[in-house]
Amino acid sequence: MKRVAFMFPGQGSQAVGMGKAFYDNYPDVKELYQEADKLLDFSLTNLMFDGPKEKLTETENAQPALLLSSIAVHTLLLKEQIQPVMAVGHSLGEYSALVAAGALSFEDAIPLVAARGKLMEEAFPSGKGSMAAVLGLKQEQIETALQGMESDEIVDLANLNCPGQIVISGTKEGIEQAIPVLKDAGAKRVLPLNVSGPFHSRLMKSANEKFARKLDEVDVNEASIPVYANVTASPVTDNDEIKDLLIKQLYSPVRFEESIENMLDEGVDAFVEVGNGKVLSGLVKKISRRTQTFAIQDQESMDAFIKWFKEES
């Protein structure tokens with residue numbers, strides 16, 4: 001049996017129309033979307049299929065939309081008796097991974113991530129925080145450059161994605177001040193991101209207590225497979241540890257590159273991106289060029305993966 005790892009995308013992978021082909025063709029998927037609409041008390045389905053894009057991109061909508069589209073695909077793979085040996089998610093995607101691993105129920109996860117998105121939006125004044133992708137520098141080079149900034153503004157490392165791609169997060173002024181400093185340090189490019197807040201930075205700590213209370217309202221179970229946590233880049237199955245790490249994840253960097261390297265050490269035949277987009281597959285290719293990847297977002301890509309999985313090794 002082939003050993004596959006499932007990866008679940010995070011914010012930024014949403015798009016109007018996501019998941020519609022699966023919704024139209026599979027009653028189980030339609031049922032899942034209808035359930036999400038009931039849980040949220042509004043039609044997330046209509047927003048996902050018809051937009052507008054600006055409203056879908058809002059954190060409190062994008063997060064449940066991405067979880068829903070990922071779990072829809074995961075449901076279809078389960079029907080084909082395809083199960084991963086381990087899983088990882090990028091930021092919000094960690095919740096999809098935990099649903100796939102049985103640590104969270106879908107019924108709890110959809111409203112939980114909607115609340116998480118709202119709390120993240122409220123944690124820091126809108127328009128006062130920012131994020132930027134730094135291309136072409138190593139972590140140590142970025143840290144050294146930021147330490148040399150003569151500024152009281154907060155700028156933290158937010159996403160350690162792959163070699164030469166790290167996202168920074170902080171105050172709007174801090175990010176603006178960091179851009180020329182990082183370019184002087186040798187960055188090929190520093191690209192401001194279209195986000196509404198300084199996610200995965202110290203500035204998110206104010207959301208901690210409220211989110212911890214939300215998390216206490218849901219049952220967190222032992223995970224049936226190891227889920228590689230963003231905060232530690234290590235496998236976790238214990239329910240208390242999962243809860244603790246989900247709270248820390250709000251203000252800690254996403255250690256995606258390290259997670260993938262640790263998963264590769266355990267031996268997998270392929271990494272499968274479950275949900276919308278191909279962002280994570282692209283990152284894996286930059287981490288390990290020879291690793292087999294699949295990104296499942298439509299019938300054609302799902303059929304190709306199922307065919308590969310069921311072929312004799």
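Read-outs: derived from the displayed coordinates by stated rules, not from any lab. Note that the structure is a prediction, hence the values are computed from the model and not measured. Quick reminder, even Gly has a Cβ in these numbers, built from the backbone with ideal geometry, and neighbours come from all protein chains shown.
Roughly what percent of Cα-Cα pairs across region 8-84 reach past 17 Å?
Working: 1191 of 2926 pairs.
Here the tail beyond 17 Å accounts for 41 percent of pairs.
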| said: Can you tell me which aspartates and glutamates have their Cα less than 16 Å from the Cα of K285? Leave out same-chain residues fewer than eight positions away. | reply: E257, E258, E261, D265, D269, E273
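With +1 on each Lys and Arg Cβ and -1 on each Asp and Glu Cβ, and nothing else charged, work out how big the dipole of the chain is about its Cα centre, in Debye to the nearest 20. Could you put the intermediate results ahead of the total?
Details: 31 positive and 46 negative charges, 173 e Å.
Dipole about the Cα centre, nearest 20: 840 debye.
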| query | Nearest 20 debye, what's the magnitude of the dipole of region 189-313 about its Cα centre given +1 on Lys and Arg Cβ and -1 on Asp and Glu Cβ? | reply | 840
| Peptides ranked, highest mean first, by Cβ atoms within 10 Å: ranges 85-93, 224-232, 201-209 | 85-93, 224-232, 201-209
| field | Descending Cα extents along the principal axes, region 129-195, whole Å | value | 28, 26, 15
| request: Under 22 Å Cα to Cα from K79, which lysines show up? Leave out anything in the same chain fewer than 8 places away. | output: K2, K20, K30, K307, K310
| field | Selected from L146, S169, A187, residue furthest toward positive end of dipole (region 129-195; charges at beta carbon) | value | A187
| field | Candidate aspartates and glutamates - alpha carbon under 12 Å from K278, same-chain residues fewer than 8 apart omitted | value | D298
